[in-house]
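Contents: one structure, followed by commentary.
The values are calculated or read from the model by the stated rules, or taken from the named source; none is laboratory data. Small disclaimer: the values here were computed from a predicted structure and weren't measured. Because the Cβ atoms are built from the backbone with ideal geometry, glycine has one as well, and the counts that use them run over all protein chains shown. The area values use the complete protein model at the heavy-atom level, side chains included, leaving out ligands, DNA and RNA. Shrake-Rupley method; radii C 1.70, N 1.55, O 1.52, S 1.80 Å.
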Amino acid sequence: MPAEPAEPTESAESAESAEPEMTGRQRLAAGLWPLRASRAQLIVALLLFVLGLGLAIQVRSNSDSSALRGARQEDLVRILDELDSRTKRLEDEKQQLEDQRKELESSSNQAEEARRQTVEKERQLGILAGTVAAQGPGITMKITDPRGQVESDQLLDALQELRAAGAEAIQINGVRVVAGSYFSDEGGQIAIDGKKITQPYEFKVIGKPQDLEPALNIPGGVVQTLEKEQATVAVTRSAKIVVDALRAAKQPDYARSSSS
């Protein structure tokens, strides 16, 4: 005789009654979490998100442009006029700024050029006045007078010949010679601007050597005249002569600038 199925025990019935019945939302959540999507599904989801975002942007753009398409002709003309006016104002402001920039650059360049010319003019005047040192090509002339026959006027003649040949800066035995310098004989010695010098007399001259040396050696010129006095004259060209003897700048007693 087949055995009758056993009736469920009291403990099984109590276990089934203890488990609460899940709602539909809970079952849906349990099915979706934890995520079990594959890599391909994630990529598809990302592409769908990007596509949706692009469609949203396109719809918004169409809505903005549709506002202009729906505007009246008078409104469109007014908008274009405003854009033209704004563009013209911006172009005018740009041109004004460009003009100001050019003016500032021009003023700056002019000021710099004026300053440069002032400095250069000051330097040139300082060289001529003997208040600043100078260097450049030139010659050195050394006069040796063992018999003491050379006099101040002969040195002055040599100075005049050098100036006529284009000498720009001269010093003799450490004394700067300028336009107002004078020579004198004092107690058997030659003096320049009251300062006594002794032989050998050494001229340091800045100028064009090709002009200075021939001017001294012309027939009947300075060299021959001094040699007649039993003096020895040696002239040497040089690419760099330094004239560093200085004179103190003299303040005029009465003359003033006409601009003051």
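A few points about this structure:
- In the stretch 102-120, the residues that are in contact (Cβ under 8 Å) with a residue 60 or more places away in the chain never reach a residue that is loosely packed, with under 10 Cβ neighbours inside 10 Å and not in a helix (DSSP H, G or I) with C-beta atoms less than 7 angstrom apart, at least six apart or across chains.
- Matching residues, the stretch 115-141, being open to solvent by 50 Å² or more (accessible area, probe 1.4 Å) and either in contact with a Phe, Trp or Tyr (Cβ under 9 Å, 6 or more places away or on another chain) or over 30 Å from Ala215 (Cβ atoms) (or both): Arg115, Arg116, Gln117, Thr118, Val119
- Of the criteria (1) of a type outside the set (Ser, Thr, Tyr); (2) free of Cβ contacts under 8 Å to residues at least 60 places away in the same chain; (3) open to solvent by 80 Å² or more (accessible area, probe 1.4 Å), which one Ala249 fails: (2)
- Residue check for Ala164: touching a Pro at 6+ places or on another chain (Cβ under 6 Å) and of a type in the set (A, V, I, L, M): no
- Restricting attention to the stretch 232-260, the residues being acidic (Asp, Glu) and modelled with pLDDT of 85 or more number 1.
- Within the set Lys208, Lys228, Lys204, Lys196, the sole residue that is of a type in the set (Lys, Arg), crowded, with 21+ Cβ neighbours inside 10 Å and either under 47 Å from the mean Cα position of the chain (by Cα) or over 26 Å from Gly136 (Cα atoms) (or both) turns out to be Lys204.
- Extreme residue, nearest to Leu125 (Cα to Cα), among residues of the stretch 181-205 that are in a loop (DSSP other than H, G, I, E, B) and touching a residue at least 12 places away in the same chain (Cβ under 8 Å): Ser181
- Checking each residue in the stretch 232-246 for being touching a Pro at 6+ places or on another chain (Cβ under 8 Å) and either without any contact (Cβ under 8 Å) to a residue 24 or more places away in the chain or surrounded by 15 or more Cβ atoms within 10 Å (Cβ to Cβ) (or both) picks out Ser238, Ile241.
- Hits in the stretch 149-180 (condition: without any contact (Cβ under 8 Å) to a residue 40 or more places away in the chain and on the phi > 0 side of the Ramachandran plot): Asn173
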